[in-house]
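Undergrad: After the structure tokens below, expect a handful of questions from me.
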Amino acid sequence: MNTFHAQWISVKERLPKENFDYIVCIRNKKSDNTESPFISISFFSMLNMSFSDCASIEEINVDGRYEITHWMPLPDAPNDE
């Protein structure tokens, strides 16, 4: 049985090195810190060096409200062996 052991990587530490979808942790910078961060899947573009929201294909940080703080690779798809 394969176990997913990815760790969260701070965007301050490094960004992804390829165009791909990643799991990201996002927080609302304009909240009073009582709002919990949320998790999403976003596409990282090497061309723009930024994450985009896969659902709406808009830059997450356009209005400066949200900040991606961490990311990690997606796990492998299930193996039905």
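Undergrad: Just to verify a result, which residue in the range 35-49, among those that are surrounded by fewer than 16 Cβ atoms within 10 Å (Cβ to Cβ) and among the hydroxyl-bearing types (Ser, Thr, Tyr), is farthest from residue 74 (Cα to Cα)?
TA: Ranking the qualifying residues of the range 35-49, first place goes to 36.
Undergrad: In the list 19, 79, which residue meets the criterion of being loosely packed, with under 15 Cβ neighbours inside 10 Å, at pLDDT 85 or above and under 13 Å from the mean Cα position of the chain (by Cα)?
TA: It is 19.
Undergrad: Only one of 34, 69 is in a strand (DSSP E or B) and either out of contact with any Gly (no Cβ under 7 Å at 6 or more places or on another chain) or modelled with pLDDT under 90 (or both). Can you tell me which?
TA: That would be 69, the only listed residue that is in a strand (DSSP E or B) and either out of contact with any Gly (no Cβ under 7 Å at 6 or more places or on another chain) or modelled with pLDDT under 90 (or both).
The values are calculated or read from the model by the stated rules, or taken from the named source; none is laboratory data. As the structure is a computational prediction, the values presented were derived from the model and not from experiment. Neighbour counts run over all protein chains shown; Cβ positions are idealised from the backbone, glycine included.
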